[in-house]
Each structure stands twice: as C-alpha cells, then as structure tokens.
1. For the pair residue 212/residue 102, report the inter-label distance in nm, with labels modelled 7 Å from Cα in the Cβ direction.
2. Longest segment of the chain with no GluC sites (Glu not before Pro) in a DSSP loop having at most 16 other Cβ atoms within 10 Å?
3. Check which residues have an amide H placed less than 5 Å from residue 175's amide H, if you skip close sequence neighbours.
4. Test of understanding: what is the full-extension gain from residue 365 to residue 222, defined as 0.36 nm times their sequence separation minus their Cα-Cα distance?
5. Per-residue HN-Hα couplings for region 214-220, Karplus 6.51 cos²θ - 1.76 cosθ + 1.60 at θ = phi - 60°, whole Hz, x for Gly and Pro?
6. Along the Cα→Cβ direction, 7 angstrom out, place labels at residue 254 and residue 127. What is the inter-label distance in nm?
7. Using Cα atoms only, what is the angle between the long axis of helix 230-241 and the major principal axis of the chain, expressed in degrees (0 to 90) to the nearest 10?
8. Taking +1 at the Cβ of each Lys and Arg and -1 at the Cβ of each Asp and Glu, which of 157, 187, 210 sits farthest along the dipole of region 151-218 towards its positive end, judged by Cα position relative to the Cα centre?
Amino acid sequence: MRALVVGGGPAGTTAAIALARAGIEALVVEHEETDRPVGIGLALQNSPLRALHALGLLDAVVDRGYRHDAVNICAPDGTVVHRIVTEPLVPGTPSFVAISRVALAGILGEALAATAGAQIRYGTSVTALRDRGDAVEADLTDGSTEVVDLVVGADGLHSTVRGMVLPEAPAPTPAPQVIWRASAPRPADVDRYLLYDLGPQGRVGIVPIADDELYLWFLQPDDGAARLPAELRLPALRARLAPFGGVVADVAALLRDDVDQRSLAALLVPQPWHRGRTVLIGDAAHTTTPHIAYGVGIAIEDSVVLAEELARGGSVEDALQAFTRRRFDRCRLVVETSLQLSAWEVDPPEDPTLHHQLSGRALGALSQPF
Ligand SMILES: Cc1cc2nc3c(=O)[nH]c(=O)nc-3n(C[C@H](O)[C@H](O)[C@H](O)COP(=O)(O)OP(=O)(O)OC[C@H]3O[C@@H](n4cnc5c(N)ncnc54)[C@H](O)[C@@H]3O)c2cc1C
C-alpha cells in the first residue's frame with residue numbers, strides 16, 4: 001500500500017513513521033520549503049508519551065526535553081496552592097515532558113528520514129484529489145500526479161484537504177482568550193512548571209523546556225483588540241505580567257524579543273473524518289485550545305491508531321471508519337474540556353475548584369488506553 005500524507009507537522013510526520021513501520025509506504029508533502037515549527041515549546045502529557053514510545057521515539061523526546069512531575073498552581077504571591085499530577089504510563093519514564101517545538105520537529109524529521117518507506121517532499125502541496133474507488137489520484141503543485149491507496153490530510157487547522165473532501169465541515173470556533181508566548185534562558189531556581197492565576201485578569205505559565213531554556217505563556221480575555229506590531233509586544237507583555245508575584249518578574253526581565261500573540265480557536269469535525277480513501281487527522285480534524293496541553297498529543301495518538309487500523313488488513317474504508325470510531329470521543333473530550341476551561345477563565349464559576357476538577361477528570365480519562 002502507498003499513502004500520500006499532506007502536511008509535515010507533528011500529525012503528518014508521525015503518521016508517515018507509523019504507516020511505514022506498518023508496511024505502508026508514505027510520502028509526506030509539506031508546503032513550506034523547510035521544517036518551520038510555529039511557536040516555542042509545548043508539553044506532552046502521559047498518553048502522548050506512551051504513543052511516542054510505541055513509535056520508538058520516547059527516549060529522544062525525554063533526552064531533548066525537560067522532565068516534569070506536576071503543574072504547580074501558585075497563588076499570586078508564588079505559594080503553591082494546588083498540584084496537577086498525572087501518573088507515568090511507561091514505567092521508568094516521566095509523566096510529562098515539555099520540549100522546544102524545534103527540538104520535537106528535529107526528532108520527528110530525523111526519525112522520518114531513518115524510516116524505510118517514509119519520505120518528505122518540501123515546497124509541495126496538493127491541488128486536486130480524484131477518488132477512483134480503488135485508488136486516489138492526487139495532483140501536486142510540482143506538476144506530478146501520485147496514485148495512492150490512501151490520502152491523509154494532516155494539514156492543520158486551515159486544512160486544504162478538509163475543504164476538498166469534507167467541505168460541509170463547520171468553521172473553527174473562536175475561544176474567548178488571547179495567548180502570548182515568549183522564550184527566556186532558564187534561571188537555575190526555575191526548575192518546575194509554575195502556573196499563576198489572577199482570575200479574569202489572566203494566567204501565566206512558566207515552563208522549563210530544556211536545561212537552559214524555558215517559555216512563558218500568558219492567557220488573557222480577548223478584548224477584540226488587534227494584534228500588536230512585533231516591536232511593541234515585549235513591553236506590552238511585561239506590563240501585563242507586572243501584577244504577578246513569585247518568579248514572574250525575574251522571568252519577565254529575561255524574556256527575549258520573540259513574543260507571539262494570537263487568538264485561540266477550536267474545531268471538532270463531526271464524524272466520519274474520512275470520505276472514500278481520504279482521512280483527516282490532527283488539527284485538520286480536531287483543533288483544541290492549549291488548556292490541557294493535548295493538541296500535539298492527540299495528533300500523535302491519531303497516527304498510531306490509523307496505522308493500527310490499516311495494519312489489520314481489511315478494506316481501507318473499514319479501517320478509516322474504525323479509526324474515527326476509536327478517536328472521536330477522546331478528541332471531543334480534549335476539545336470540549338479545553339473550551340470550557342477557557343470560558344471559565346474569562347467568566348469564573350461560583351465554585352473555583354470546578355476548573356481543577358474538570359481538568360483532573362479529563363487528564364485521568366485520557367490516561368486510559370486508546
Ligand atoms: C498557543 C498554543 C499552544 C499549544 N500548546 C500545546 C501543548 O503544550 N501541547 C500540545 O500537545 N499541543 C499544544 N498546542 C496544539 C498543537 O500546536 C497542535 O495541536 C499541533 O501543532 C497540531 O499538529 P498538526 O500536525 O495536526 O498541525 P500543524 O502543527 O498545524 O501542522 C500542519 C502542517 O501542514 C502544513 N500545511 C498546511 N497546509 C498545507 C497544504 N495545503 N499542503 C501541504 N502542507 C500544508 C503546515 O505548514 C504544517 O507544517 C498548542 C497550540 C497553540 C495554538
């Protein structure tokens with residue numbers, strides 16, 4: 001079997017690796033000219049680490065990332081008031097790891113290059129898909145046509161493949177918050193994930209991602225204001241961080257001028273996620289806000305499950321149906337939980353413990369086998 005994977009992000013690269021390991025040749029087309037991960041760092045929870053283990057990639061991620069055992073929720077003065085703890089699912093490894101996006105893309109790119117039967121073509125996209133029933137003809141922007149058994153749309157929130165095969169899918173829903181992110185060198189005493197909460201004024205996360213690096217995120221209600229020009233973002237972010245205590249002022253002083261400021265959106269494409277021989281995975285099928293840090297996680301899990309279902313040897317159509325059946329409720333849990341947490345951060349419920357309860361329940365459910 002041969003597959004065409006559109007999009008070379010975390011979903012597309014892990015899909016190619018998983019498919020090739022299952023004996024299905026995979027060609028990834030990525031429209032960027034090189035590997036260009038967006039953002040600074042990300043967290044991988046226990047279940048995505050289990051999925052990376054299944055792909056033989058966990059050791060590299062642990063080596064190049066930063067091991068965590070909890071998210072420490074701090075009062076404005078820095079006192080730890082609550083710890084979000086999950087259990088490791090692979091014995092002897094951490095329960096979650098934070099890592100630079102560049103480092104993760106490097107690990108996935110190296111693994112793809114080393115996997116027989118998987119390859120990536122940069123600067124290339126797809127212009128048309130014709131499903132003949134027994135195969136799909138895919139016209140590419142380099143003028144070639146690939147005839148494949150399966151097309152995997154892993155081209156993110158604004159997926160072109162989704163528009164081609166499931167044009168009736170809903171548009172993304174805006175979340176009520178804006179996120180700011182910036183990097184800094186890690187001071188030795190900032191050695192754990194710290195989260196400071198000032199209620200509707202905003203929340204700050206400080207996340208070590210390597211021995212010498214951390215990233216900071218700041219979530220605030222979306223007041224509809226336009227994004228600031230790049231040169232104004234660092235002073236504006238520092239001003240917003242001024243009311244926070246603990247180590248926030250120390251880290252704010254170290255932030256680099258690479259501040260990203262963006263609105264958040266969510267999307268859950270209704271079932272099924274395939275039409276004929278073309279299937280959507282990752283953000284193309286389900287985009288989540290980052291509130292439980294699971295977007296890349298469910299993308300990697302998708303890849304493992306897709307390869308498992310195709311490896312059963314039944315028809316492609318049956319495999320794709322089984323794929324969505326196994327994935328839908330789990331991805332819905334991530335998307336809906338994250339959106340609810342976002343809504344509560346802007347408009348807090350009377351019982352402030354509901355937030356921790358909901359994220360704890362979701363992380364517990366997601367620790368179950370998938
Ligand atoms: C602020 C923020 C923080 C986040 N933090 C976390 C976190 O801590 N943990 C976590 O697990 N997740 C996190 N996420 C979510 C995570 O970034 C996404 O879920 C993840 O990147 C999805 O991977 P993907 O491969 O499906 O899509 P993408 O990462 O969007 O990759 C899509 C790829 O397809 C390419 N592409 C697009 N269109 C085409 C086309 N037509 N042809 C060819 N190629 C194309 C793109 O260039 C890109 O390389 C966060 C997201 C945001 C916004």
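1. For residue 212 paired with residue 102, the spin-label model returns 1.2 nm.
2. 169-349
3. Here 264, 265, 266 satisfy the definition.
4. The residue 365-residue 222 span can extend by a further 48.5 nm.
5. 9, 10, 10, 10, 9, 10, 9
6. That separation, rounded to one decimal, is 5.0 nm.
7. 50 degrees
8. The residue sitting farthest along the positive end of the dipole is 157.
The numbers here are math on the coordinates, done by the rules we state, and not lab data. Here the structure is a predicted model, which is why all the values come from computation and not from measurement. Here Cβ is always computed from backbone atoms with ideal geometry, including for glycine, and neighbour counts include all displayed protein chains.
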